[in-house]
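Below is the structure I would like to discuss, written out as structure tokens.
The values are calculated or read from the model by the stated rules, or taken from the named source; none is laboratory data. The shown structure was predicted, so the numbers you read here are calculated from the model rather than taken from an experiment. Glycine also receives a Cβ, built like all others from the backbone with ideal geometry; neighbour counts cover every protein chain displayed. Protein only, heavy atoms only, side chains kept; ligands, DNA and RNA dropped before computing areas. Shrake-Rupley method; radii C 1.70, N 1.55, O 1.52, S 1.80 Å.
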Amino acid sequence: MKSEDYIRLENKYGANNYKPLDVVLTRGEGIWVWDVEGRKYMDCLSSYSAINQGHCHPKILSALKQQAEKLTLVSRAFHSDQLGPFYEEICQRTNSHSVLPMNSGAEAVETAIKAVRKWGYQVKKVAPGQAEIIVCENNFHGRTLTIVGFSTEEQYRDGYAPFTPGFKTIPFGDAEALEAAITPNTVGFLVEPIQGEGGVIVPPEGYLKSVREICDRNNVMLILDEIQTGLGRTGKLFAEEHEGIESDLTLVGKALSGGFYPVSAVLSNKEVLGVFKPGDHGSTFGGNPLACAVARAAFSVLFEEKMIENAAVQGDYFQKRLKEIKSPHIKEVRGKGLLIGVELVPEAGGARRFCEALRDKGILCKETHTHVIRFAPPLVIKQDELDWALERIGGVLV
Ligand SMILES: *Cc1c(COP(=O)(O)O)cnc(C)c1O
């Protein structure tokens, strides 16, 4: 079958909730992927940062195969010999006290919302049913009903009401707005260190530091959604490290499995996750042996193969060289590490046509928020490969 045959099948039988670029992929290795016609592309999206370690990383693949032949699922009704070692490794490496494993990113967000609400009632003594969580405009935290209920993106909400109450929205990057929005009923502040889907929006320097201080002073739990910014993407293990702070709850997903399998987790100080008792929350697949084995391997290769340092070095280089491109279409280049957004001027007519032109030159990326091209290649990319990409990006943007 050819590309158009596969696309026809998807269109015929699938719900129409995505509009992918017309490329049908069949194989991946490191930063490269191949389509069914055998054409080779550089992956500059990394599945929204789920492939930080590169496609089909051999060590993660081997962990997956070995575990798949032994034991894949016990449910949390029984213990497994994979869960404890996974907990220990992730807590030690991230300086966390406690971890709760789930599957998708949205489930980690939902878990954090449940945990801070319960913490609010049990520990902060908020009156029953009154807990408030503050979120930011232009956020992206996933697609469940509760989460889209506090999205400010009209399309994400349209047609899905009624929504979960208890959320308050403030502008992103504005610490004073946070201070002003907090009431005695505020239990948590949920925020992305850099808004990824929102268009790679980097907050002003010092924002997270101020936010940390305000949350401390008001006994509000700081929940950082690092599902996209975490695990090396911005050149640090977590983006919070750029400002030398620590969240109360950190949400990880995506690259936690190196793209092999949905694995997410809530990492926390003891106090917050400590509110859960047996039966309060759960997931059949959350923390299963296969997920644990894959996540441990995906996590350790980030360190063993120095991917985080590489993201910092190559990210600086990539951003600097992108800024040097002289193009009437570019409004701004911004980002941290290998999470980079190139915002185009409105007259450019949207980023989609440039993504299509880049695909024809062998680079896969995706527009976000109509006018932004996001460049987020796997963290194993090398400088000569970036040079190869930059030549083509420059050619498309002139
Ligand atoms: C992708 C993403 C999510 C949702 O993860 P899913 O696995 O798609 O549910 C949540 N928060 C952020 C910041 C994300 O980028």
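Taking N as the number of residues in the stretch 334-398, what is its Cα Rg relative to 2.2 N^0.38 Å?
1.07
Also, quick follow-up: Which distance in Å, rounded to a whole number, links the C-alpha centroids of the stretch 343-398 and the stretch 270-307?
Their Cα centres are 34 Å away from one another.
Relative contact order of the stretch 58-304: what whole-number percent is it, with Cα pairs under 8 angstrom and at least 6 residues apart?
Reported as a whole number, the value is 32 percent.
Send over the Kirkwood Rh of the stretch 265-398, from the inverse of the averaged 1/r over different Cα pairs, rounded to one decimal Å.
In the stretch 265-398 this quantity evaluates to 17.5 Å.
Mind checking the per residue accessible area of the stretch 125-259 for me, 1.4 Å probe, whole number of Å²?
Roughly 38 Å² per residue, with all protein chains present.
What ranking of Trp32, Trp119, Trp388 comes out by heavy-atom accessible area, probe 1.4 Å, highest first?
Largest to smallest exposure gives the sequence Trp388, Trp32, Trp119.
Could you give the C-alpha radius of gyration of the stretch 40-133 expressed as a fraction of 2.2 N^0.38 Å, taking N as the number of residues it contains?
Working it through for the stretch 40-133, the quotient is 1.48.
At a temperature of 10 °C and a viscosity of 1.306 mPa s, determine how fast the stretch 117-159 diffuses translationally according to Stokes-Einstein, using the Kirkwood radius over alpha-carbon pairs as Rh; express D in µm²/s, rounded to the nearest whole number.
D, rounded to a whole number, is 133 µm²/s.
Quick one: dipole size for the chain, taken about the Cα centre, charges +1 on Lys/Arg Cβ and -1 on Asp/Glu Cβ, in debye to the nearest 20.
For the chain, the charge dipole is close to 580 debye.
Could you give me the radius of gyration and the Dmax of the stretch 225-304, taking only the C-alpha atoms into account and expressing both in angstrom?
Over the stretch 225-304's Cα set, Rg and Dmax evaluate to 13.5, 38 Å.
Amide H neighbours of Ser247 under 5 Å, at least 5 residues apart or on other chains, H built in the peptide plane: list them.
Long-range HN contacts for Ser247: none found.
I would also like to ask the following. Using the charge dipole of the stretch 58-304 (Lys, Arg: +1 at Cβ; Asp, Glu: -1 at Cβ; taken about the Cα centre), state which of His281, Val211, Phe78 has its Cα farthest towards the positive end.
Farthest towards the positive pole: Phe78.
Sticking with this structure for a sec: How much solvent-accessible surface does Tyr41 expose, in Å² to the nearest 10, with a 1.4 Å probe and all protein chains in place?
So the heavy atoms of Tyr41 present about 10 Å² to solvent.
Determine, from the Cβ-Cβ distance of Lys382 and Glu241 and an R0 of 22 Å, the FRET efficiency 1/(1 + (r/R0)^6), rounded to the nearest 0.05.
Approximately 0.40, to the nearest 0.05.
Any idea how far apart Phe303 and Leu9 come out in nm if each label point goes 7 Å out from Cα toward Cβ?
Those two pseudo-labels are separated by 4.2 nm.
Specify the inter-centroid distance of the stretch 222-248 and the stretch 65-94, based on alpha-carbon positions, in whole Å.
That distance is 24 Å.
Would you kindly find the accessible area of Lys124, with a 1.4 Å probe and non-protein molecules such as ligands, DNA and RNA excluded, rounding to the nearest 10 Å²?
It works out to around 40 Å².
Further, regarding this structure: Take the alpha-carbon positions of the stretch 1-73, form their convex hull, and give its projected area averaged over all directions (one quarter of the hull surface) in nm².
Taking the Cα atoms of the stretch 1-73, their convex hull projects to 6.8 nm² on average.
Given N residues in the stretch 58-304, what is its alpha carbon radius of gyration divided by 2.2 N^0.38 Å?
Rg over 2.2 N^0.38 Å, computed on Cα atoms: 0.99.
Can you pull the accessible area of Asp35 for me, 1.4 Å probe, Å² to the nearest 10?
It works out to around 0 Å².
Taking a 1.4 Å probe, which of Lys2, Lys12 shows the most accessible area, and what order do the others take after it?
Output order, biggest surface exposure first: Lys12, Lys2.
Further question on the same structure: With springs only between Cα atoms under 10 Å, which of Glu89, Glu137, Glu347 fluctuates most in a Gaussian network model of the chain?
Glu347
Leaving out ligands, DNA and RNA, what percent of the accessible area of the stretch 58-304 is carbon and sulfur, probe 1.4 Å?
52 percent
Still on this structure: Give me the distance in nm between label points sitting 7 Å out from Cα along the Cα-to-Cβ direction at Glu37 and Thr72, one decimal.
Going by the 7 Å Cα→Cβ label model, 3.5 nm.
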